[in-house]
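Reviewing the structure listed below.
Rule-based calculations on the coordinates, nothing more; no lab input. All figures in this text were calculated on a predicted structure; none of them were measured in a lab. Positions of Cβ are backbone-derived with ideal geometry, glycine not excepted, and every protein chain shown enters the neighbour counts.
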2 protein chains.
Amino acid sequence: MRMYDIIFKKRNGEELTKEEIDFFIQGYTKGTIPDYQASALLMAIYFQGMNKRETAELTLSMVHSGTTIDLSSIKGIKVDKHSTGGVGDKTTLVLAPMVAAAGVPVAKMSGRGLGHTGGTLDKLESIEGFRVDLQLDHFIKNVNEIKIAVCGQTGDLAPADKKLYALRDVTATVDNVSLIASSIMSKKLASGADAIVLDVKTGSGAFMKTIDDSFVLAKEMVDIGTNLNKNVIAMITEMNEPLGYAVGNSLEVQEAVATLKGHGPEDLLHLCIELGAAMLVVGGRTSNMEEAREILGRTIKDGTAIEKLKDMVKAQYGNCSQIDDPDLLPQAKHIVDITAETEGYVHGIDAEEVGRAALVIGAGRETKESPIDYSVGILLIKKVGDKISKGDILAKVHINDMLKLEECTEKLIEAYDISMEIPDKRLLIFGKVDKEGIHKY
Amino acid sequence: MRMYDIIFKKRNGEELTKEEIDFFIQGYTKGTIPDYQASALLMAIYFQGMNKRETAELTLSMVHSGTTIDLSSIKGIKVDKHSTGGVGDKTTLVLAPMVAAAGVPVAKMSGRGLGHTGGTLDKLESIEGFRVDLQLDHFIKNVNEIKIAVCGQTGDLAPADKKLYALRDVTATVDNVSLIASSIMSKKLASGADAIVLDVKTGSGAFMKTIDDSFVLAKEMVDIGTNLNKNVIAMITEMNEPLGYAVGNSLEVQEAVATLKGHGPEDLLHLCIELGAAMLVVGGRTSNMEEAREILGRTIKDGTAIEKLKDMVKAQYGNCSQIDDPDLLPQAKHIVDITAETEGYVHGIDAEEVGRAALVIGAGRETKESPIDYSVGILLIKKVGDKISKGDILAKVHINDMLKLEECTEKLIEAYDISMEIPDKRLLIFGKVDKEGIHKY
């Protein structure tokens, strides 16, 4: 088999066989197929596409390019959750305790990755003593005992995807549905989940710019799962602004804790209830979404969800008193108000730009080795739909290094899309896709 | 400027600017743009194409990626000729003396390249003492004195094309009209020609498989020339079998000499007259093709063409007695008849396969360093249209190493397409393209 022939075939619009896909993925992972042939194939796939079978086989081939985690010694259906993008996305911190409190085991491995703001692991590490570097047997033991554990990836999950993603990123071959779907699904499948709930973000900052395209991507990922006998539900959700008000590690933990205690932001709670309900459904707790929502609502009202978070923090060596009193979490030295320079209504808040503003003051990593300042971040005061007068406080910057304030402020002002017309109300969730098909709300 | 944006733009079907094309070609030549980005762009070009302006600018950018030859000290319009493929293609050996004898200067630089059979330079080197490594001033002096010189390339002509061609060859991005056209034209323009005649081969072994596609390629190259103020004529010619009977260096020189003496194969003479007439037209000798054909015919009848070949051989230190008596050229030890195993009519002779048969016995180079055996080759006896009975001699193999006979024979038998139906007569020349447009015969 020759890589040339595989490129030629796809270029001419033909289907690739399982053997050809495996030859490409194995060869590229090992380095026997050079980058320049891989990028030519990726561009050919961009133009000619891949069908459902090819996409499922590409996914599986990437799963098998590295370590796969065996979670079979955990009792019950293990449900994972993934979001396709997310500045200010603290859903895992809220969702995981709620779902575990409802009786579905949550064994979640998160990548650390680069990002404007910290990932889930970084957020958890803003809790004093919290450890994310559990060994696999320890991780499994925790899930069996208290139904919940969130830790870093062990082993080299889907290295083919890692290598291909880096190549796609510099060759303008990221935005193809089959490639995006197989990339996301390969990592989830390699980490051992039985069932997966996907949060597919839509909007200008997301992979998919339009709602229709987001449904197409969601369907592609659900089909991959169905093809491989995994129960997958995807929700298509708004990304017209950051979720909740907090952006930054310690601030986001505070907001998550508030939500679990019953006084969090409405949009965050709503999304967590919906995604969580889907997790209960694919996790076999109930087949009825309405019942699932009620079960999850009760975990907040009766305090079992916040207790579950504390169980996890304790089991992973964190300081539980910071959950009881979030003021004990790392706090920035200064809190600076950012005020509006124009008047009108907020039509959107560019989440990427807010992320860059938070990165400037130290909330995220510039490079893999950069340290994170857990205490800093941004608290949005005005959100989409709010009316603004000149001088109103748009946001509060929690900052240590005042030299960075000006750049952060500029980006924040830039992030706000303010104009005079009254904005239409947009849905937070546009619909869902499951194995039965597409359901638009 | 970033290469990513250039790929992205072309992928989305947009036109590239001159600056973007130059950035790509200069960066790729210098090595600051990696292969994997170049191959992604090439595949995007394969799908989205380039317009006339982009193609002309790509060509010019490749011309300027290396040395350009200045032939301005040669008096008159310097006409070059290029063929897009050619096992058994000894047209240069026939054409160049005819055109020079008709008064148009022929300053031809040939690449040596890899190939199944030797190139023009190798054919000339089968003449004892013949030197192709002339310095530029010597080359120019010869053309000014005797109107003709054929030598190897001096300097690094269009290195961008060389590097890109090697990449296209392994990434299934060869067969795009703009890329083929700019590749050919960049080399010709870098070697200093004022006007160019192109022989665009059509058929299964050629770049262009159909006559229509060949006209498209021809038009593209003529348009590049027109865009850059160079007079270009392209002839679209048959490649259903090797040209003439001889394949192999010394055998091809013998056939060329025979043709110049007035007793060569009809197809070879016909093609040389047509291409040569086009050279006289772009060279300004006459504007009338019919008159040009007559002028060229006379150079054979009156012996001026063969005298011109001898002038060149003498001026380049070759042994002229081998032209007077071609039996003095290197001769193989054995001549073996290859006989037909089936009966019917010859419908085609796969020129590539005949080339591979000749390569096996030493007529070409396996690697750049391989020596060539000038004496060996294949003399076709039966050609397209001929009726075959079992046992008829199809071809004669001129061979030194009898251990290679079996493999050579197998390939030769394989090359012959013989079936019972009477083949249609096909034209040798399907038409021409010049700055006025397409003329189908």
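Which loop chymotrypsin sites (Phe, Trp or Tyr not before Pro) in the stretch B:285-384, with loop taken from DSSP, have no more than 14 other Cβ atoms within 10 angstrom of their Cβ? Intermediate results must be reported in sequence, preceding the final value.
Details: sites: B:317, B:345, B:374; in loops: B:317, B:374.
Taking the stretch B:285-384 and a limit of 14 other Cβ atoms within 10 Å, the loop chymotrypsin sites (Phe, Trp or Tyr not before Pro) found are B:317.
In terms of Cα to Cα distance under 12 Å, which aspartates and glutamates are near enough to residue B:209, apart from those fewer than 8 places away along the same chain?
Straight-line reach from residue B:209, under 12 Å: B:175, B:238.
Can you work out ³J(HN,Hα) from phi for every residue in the stretch B:53-67, in order, using Karplus 6.51 cos²θ - 1.76 cosθ + 1.60 and θ = phi - 60°, giving whole Hz and x for Gly and Pro?
With coefficients 6.51, -1.76 and 1.60, one gets 5, 4, 5, 5, 6, 4, 4, 5, 5, 5, 4, 7, 7, x, 5 Hz.
Can you pull the semi-axes for the stretch B:35-159, root of five times each eigenvalue of the Cα gyration tensor, sorted largest first, whole Å?
Values: eigenvalues 189, 68, 43 Å².
Three semi-axes, in Å: 31, 18, 15.
Students often get this wrong: which residues of the stretch A:349-379 have the backbone nitrogen under 12 Å from the point 7 angstrom along Cα-to-C-beta of residue A:400?
Of the residues in the stretch A:349-379, A:361-364, A:371-377 have backbone N under 12 Å from the label point off residue A:400.
Using a Förster distance of 45 angstrom, determine the FRET efficiency expected from the C-beta separation of residue B:73 and residue B:2, and round it to 0.05.
Values: r = 43 Å, r/R0 = 0.95.
For R0 = 45 Å, the calculated efficiency reads 0.60.
What does the charge count near residue A:158 come to, summing +1 for each Lys or Arg and -1 for each Asp or Glu among other residues with Cβ under 12 Å from its Cβ? Working shown, then result.
On the way: positive: A:162, A:163, A:187, A:188; negative: A:156, A:161.
Within the 12 Å Cβ shell, the charges total +2.
Could you calculate the contour length gain from residue B:128 to residue B:419, that is, 0.36 nm times the residue separation minus the distance between their Cα atoms, to one decimal place in nm? Write down the numbers at each step before the final one.
Working: separation 291, 0.36 × 291 = 104.76 nm, distance 4.25 nm.
Extending this stretch completely gives an extra 100.5 nm.
Would you mind telling me the antiparallel percentage of the DSSP bridges in chain A, rounded to 5? The partial results should precede the final answer.
Numbers: 26 of 46 bridges.
DSSP beta bridges in chain A are roughly 55 percent antiparallel.
Just to confirm my numbers, what's the Cα centroid distance between the stretch A:130-185 and the stretch A:1-22 in Å?
27 Å
How many partner chain Cβ atoms sit within 10 Å of a residue's Cβ in peptide B:173-179, on average, as a whole number? Walk me through the numbers before you get to the answer.
On the way: counts 6, 1, 2, 0, 0, 0, 0.
Taking the mean over all residues of the peptide, I get 1.
Can you give the convex hull volume of the alpha carbon atoms of the stretch A:332-419 per residue, in Å³? Write down the numbers at each step before the final one.
Working: hull volume 7.0 nm³, N = 88.
Given the Cα convex hull of the stretch A:332-419, per-residue volume reads 79 Å³.
If I histogram all Cα-Cα distances within the stretch A:163-270 using bins 5 Å wide from 0, what percent of pairs lands in each bin?
Pairs per bin, as whole percents: 2, 11, 17, 17, 18, 17, 12, 5, 1, 0.
Quick one: grab the alpha carbon gyration tensor of the stretch A:186-340, order the square roots of its eigenvalues as a ≥ b ≥ c, and give me rounded if a/c is under 1.5, else prolate or oblate depending on whether a/b is larger than b/c. Don't jump to the answer; show the numbers that get you there.
Working: a/c = 1.94, a/b = 1.34, b/c = 1.44.
Since a/c reaches 1.5 but b/c is at least a/b, the shape of the stretch A:186-340 is classed as oblate.
At 222 nm, what helix-only mean residue ellipticity would chain B give, in deg cm²/dmol to the nearest 500, using -39500 (n - 2.57) for each DSSP H run of four or more? Let's see the in-between values first.
Numbers: 17 runs with 198 residues, N = 441.
Dividing the helical sum by the residues of chain B leaves -14000 deg cm²/dmol.
What nm value, rounded to one decimal, do you get for the distance between residue B:146 and residue A:17 when each label is placed 7 Å out toward the C-beta?
Placing both labels 7 Å along Cα→Cβ, they lie 5.9 nm apart.
Please compute the modelled spin-label separation between residue B:26 and residue A:370, points set 7 Å along Cα→Cβ, answer in nm with one decimal.
3.2 nm
May I ask for the percentage of alpha-carbon pairs in chain B that lie more than 34 Å from each other? Spell out each step's value before the answer.
Values: 31295 of 97020 pairs.
Of the Cα pairs, 32 percent sit more than 34 Å apart.
Report, in debye and to the nearest 20, how large the dipole of the protein assembly as shown comes out about its Cα centre when Lys and Arg carry +1 and Asp and Glu carry -1 on their Cβ.
That gives the protein assembly as shown a dipole magnitude of about 200 debye.
Can you bin the stretch B:302-381 into rounded, prolate or oblate? Criterion: square roots of the alpha carbon gyration tensor eigenvalues sorted a ≥ b ≥ c, rounded for a/c under 1.5, prolate for a/b above b/c, oblate for the rest. Mind dumping the intermediate values first?
On the way: a/c = 2.26, a/b = 1.60, b/c = 1.41.
Cα axes put the stretch B:302-381 in the prolate bin.
Tell me, what is the FRET efficiency for residue A:427 and residue A:288 to the nearest 0.05, using R0 = 22 angstrom and their Cβ-Cβ distance as r?
Details: r = 22 Å, r/R0 = 0.98.
Result of the calculation: an efficiency of 0.55.
So if I place +1 on the C-beta of Lys and Arg and -1 on the C-beta of Asp and Glu, and nothing else carries charge, what would the dipole magnitude of chain A be about its Cα centre? I want it in debye, nearest 20. The partial results should precede the final answer.
Values: 51 positive and 65 negative charges, 231 e Å.
With only Lys, Arg, Asp and Glu charged at Cβ, the dipole is about 1100 debye.
How far, in nm to one decimal, is residue A:302 from itself in the other copies if the label point is set 7 angstrom along Cα toward Cβ? Shortest first, please.
Sorted ascending, the copy-to-copy spacings read 11.3 nm.
Using +1 at the Cβ of each Lys and Arg and -1 at the Cβ of each Asp and Glu in the protein assembly as shown, identify which of B:139, A:247, A:61 lies farthest towards the dipole's positive end.
It is B:139, whose Cα lies furthest towards the positive end.
Taking every pair of Cα atoms in the stretch A:236-327, average 1/r, invert it to obtain the Kirkwood radius, and report Rg/Rh to two decimals. Walk me through the intermediate numbers first.
Working: Rg = 14.0 Å, Rh = 14.2 Å.
A ratio of 0.99.
Pairwise over distinct Cα atoms, reciprocal of the mean inverse distance: report the Kirkwood radius of the protein assembly as shown in Å, one decimal place.
Numbers: mean 1/r = 0.0312 Å⁻¹.
Across the protein assembly as shown, the inverse of the average 1/r is 32.0 Å.
Distance between the C-alpha centers of the stretch A:309-365 and the stretch A:207-259? Whole Å please.
Taking the Cα centre of each part, the stretch A:309-365 and the stretch A:207-259 sit 20 Å apart.
Choose one of A:332, A:389, B:330: the residue whose Cα lies farthest towards the positive end of the charge dipole of the protein assembly as shown (beta-carbon charges +1 Lys, Arg; -1 Asp, Glu; about the Cα centre).
My answer, from the dipole projection, is B:330.
If you take the charge dipole of chain B about its Cα centre, with +1 on Lys and Arg Cβ and -1 on Asp and Glu Cβ, which of B:222, B:418, B:271 is farthest toward its positive end?
Among B:222, B:418, B:271, the one farthest towards the positive end of the dipole of chain B is B:222.
Can you give the mean number of other chain Cβ atoms that lie within 10 Å of the Cβ atoms in peptide B:31-40? Please list the in-between numbers first.
On the way: counts 0, 0, 0, 5, 6, 11, 7, 4, 12, 16.
Neighbouring Cβ atoms belonging to other protein chains average 6 per residue here.
May I ask you to report, in nm to one decimal and beginning with the shortest, the distances from residue B:320 to the same position in the other copies, taking label points 7 Å along Cα-to-Cβ?
Values, ascending and in nm: 10.9.
Relative to the Cα centre, what is the charge dipole magnitude of the stretch A:3-49, using +1 at the beta carbon of each Lys and Arg, -1 at the beta carbon of each Asp and Glu, and rounding to the nearest 20 debye? Spell out each step's value before the answer.
Working: 5 positive and 7 negative charges, 21 e Å.
Magnitude of the dipole: close to 100 debye.
Hey, if you drop one equal point scatterer on each alpha-carbon of the stretch B:3-49 and run the Debye formula without solvent, what base-10 log of I(q)/I(0) do you get at q = 0.13, 0.24 Å⁻¹?
-0.23, -0.81
Near residue B:199, within a Cβ-to-Cβ distance under 11 Å, what is the net charge of the other residues, with Lys and Arg +1 and Asp and Glu -1?
Neighbour charge sum, excluding residue B:199 itself: 0.
Could you compute the net charge surrounding residue A:244? Neighbours are other residues with a C-beta less than 10 Å from the C-beta of residue A:244; K and R count +1, D and E count -1. Walk me through the numbers on the way to the answer.
Details: positive: A:90, A:383; negative: A:89, A:241, A:252, A:255, A:266, A:267.
Neighbourhood net charge equals -4.
For peptide A:4-15, compute the average count of partner chain beta-carbon atoms within 10 Å of each residue's beta-carbon.
Working: counts 4, 1, 1, 6, 5, 1, 2, 7, 1, 0, 0, 0.
Taking the mean over all residues of the peptide, I get 2.
Where does each of A:263, B:82, B:138 land when they are ranked from fewest to most other beta-carbon atoms within 10 angstrom? Don't skip to the end; give the middle numbers.
On the way: A:263 10, B:82 21, B:138 15.
Ranking A:263, B:82, B:138 by Cβ neighbours within 10 Å, fewest first, gives A:263, B:138, B:82.
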